[in-house]
Amino acid sequence: MTGARVLHVLPRCTGAGPERSLVATITFAPQSARSLHHTIAVLDAPVSAPMFLAARRAGATMLIRPDDDALRRAAAEADVIVIHYWNHPLLLSMLSRVDLGPSRVVVWSMVLGLYSPQVLTADIGRFADVLVVTTERSLDSAAARAAEVVRTVPGIADMGRLDGWRPLAHEGINVGYLGVVAPTKMHPRFAELCALVHDRSVRFVVVGSGGGEEGLQRRAVELGFGDRLRCTGYTDDIATAMGTFDIFGYPLCPDTYATSEKALQEAMWVGIPPVVFPHGGLIDLVVDGETGLVATTEDGYAEGIDRLAGDDALRRRVGTNARRVARERFDPHRLAAAWSDALAEALSMPKRERPPLHEGATGAELFLAALGDEAGPFATAASKTAGEAAIAAAEDAIARSSAVVVGADGGLVHYRNTWPEDPLLNRWVRLVRP
């Protein structure tokens, strides 16, 4: 791999997990991969200043919102192209327009890929020379079944962000959450789950942003525990934030597309016992009763918090196990080496031509293509042959779409905002937001 040129195509760079994973991949690369030349093409703006600086410190060149000609030139100069994949309209649009020419392509999936709107389609699997998924559950995706070569490498967290972590003094027991504060990520009944906890010494600390903070605080007041829930906002200083956590309460929404969640890795790394639902890829990260507690019901989640809050010995045992396993499984040097092996495998392959994906598609057609076999009612509603009754039933199903399908990355509103004149996308948004 000496001196090889790697072009990374990244939908956005705002400081979320995929971007941090990319920088960590370069930072912790083994000696055999240190001579690689990395260029990161970011399709959407703005770019987070801290992430821009982190990428530059890692030695990467940044291309921010390159036009199609610049992307073609970068692709022609690259020995391998890494597409950091999740359903993002600008990424799908670029893939439909830009002929990458003779190339080697690694698709590194950042999503579970099994449910709308974040689906790993068969088209994506065939587009890749090597498909890298971040959880074993993604092997059930259409992309993994269609790809010639599939490797599993969890997302890589920079555990240096936790240097200096130590428990900080506080009253009672703090159940901490770190991440996006919105129903597209956290459980839609997050406040109700907290209210089910019986132990009144338990306090809830929500670290992060996403627009749901005010509503969450208001709902906590309505449920009678507003004085025990605190939303602290976004921070890069996760060592200090996690220093106040005794338990990591991380209930994600049922249709989450999360895989190897870095926030969960980080909590386990410092020995904070987690309580989770078996949603998305989290079931691959936590062993119930050993490295955390896995709840299957809302009452079970609250009971898990109560158990850990009331039993110091259990909390220490589970936390110690979580720390030991995390340092075995999530060591960034080991994971970066596994990623470098996948990259070397791609570099050993001949370059090949591949046509643009879904060339000439409209915004609505790209939305349907991105959903693949999970397009369901959207495909029926767009059909030119479906009868009136079938279309009416499909539109009724669209109107009842989940918050994730409507408002998350790659969701309906994201596509409509990218193609505001598309009549089908506008019609579907009116169904979900009358």
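The values are calculated or read from the model by the stated rules, or taken from the named source; none is laboratory data. Since this is a predicted model, take the numbers as computed values, not measurements. Methodologically, a virtual Cβ is constructed for each residue, glycine included, from the backbone with ideal geometry; neighbour enumeration extends over all protein chains shown.
To keep it simple, each residue is scored yes or no on (1) of a type in the set (K, R); (2) in contact with an Asp or Glu (Cβ under 7 Å, 6 or more places away or on another chain); (3) closer than 21 Å to V406 by Cα; (4) in the same structural domain as V405 (by TED's automatic domain parsing).
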| position | (1), (2), (3), (4) |
| --- | --- |
| L178 | no, no, no, no |
| A182 | no, no, yes, no |
| M186 | no, no, yes, no |
| F190 | no, no, yes, no |
| V197 | no, yes, no, no |
| E213 | no, no, yes, no |
| R218 | yes, no, no, no |
**Study point:** helices (runs of 4 or more DSSP H) fully within segment 1-114 counting 2 or more residues that are touching a helix residue (DSSP H, G or I) at 6+ places or on another chain (Cβ under 6 Å), over 21 Å from N417 (Cβ atoms) and among the hydrophobic types (A, V, I, L, M, F, W, C)
**Key:** 17-27, 49-57
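Restricting the search to segment 115-155, which residues are in a loop (DSSP other than H, G, I, E, B) and more than 20 Å from P350 (Cα to Cα)?
S116, P117, L120, T121, T134, T135, S141, V153, P154, G155
Scan A386, A408, A394 and give me the residue that is over 21 Å from N87 (Cα atoms), at pLDDT below 95 and surrounded by 15 or more Cβ atoms within 10 Å (Cβ to Cβ).
Details: A408 fails: over 21 Å from N87 (Cα atoms); A394 fails: at pLDDT below 95.
Of the residues listed, the single one that is over 21 Å from N87 (Cα atoms), at pLDDT below 95 and surrounded by 15 or more Cβ atoms within 10 Å (Cβ to Cβ) is A386.
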Exercise for review: Residue by residue through segment 218-233, note down the ones that are within 23 Å of the chain's Cα centre (by Cα) and surrounded by 14 or more Cβ atoms within 10 Å (Cβ to Cβ).
Suggested key: C231, T232
Review point. Is segment 379-388 home to any residue that is without any contact (Cβ under 8 Å) to a residue 60 or more places away in the chain, over 26 Å from A143 (Cα atoms) and touching a helix residue (DSSP H, G or I) at 6+ places or on another chain (Cβ under 9 Å)?
Key: yes
Practice item. Run down G176, G164, G172 and say which single residue is over 30 Å from L131 (Cβ atoms), touching a strand residue (DSSP E or B) at 6+ places or on another chain (Cβ under 6 Å) and surrounded by fewer than 16 Cβ atoms within 10 Å (Cβ to Cβ). Key: G172
Check your understanding: Out of all the residues in segment 235-250, which are among the hydroxyl-bearing types (S, T, Y), surrounded by 15 or more Cβ atoms within 10 Å (Cβ to Cβ) and assigned to a loop (DSSP other than H, G, I, E, B)?
Key -> T244
Check your understanding: In segment 40-91, which residue that is modelled with pLDDT of 95 or more and of a type in the set (V, I, T) is nearest to H358 (Cα to Cα)?
Key -> I83
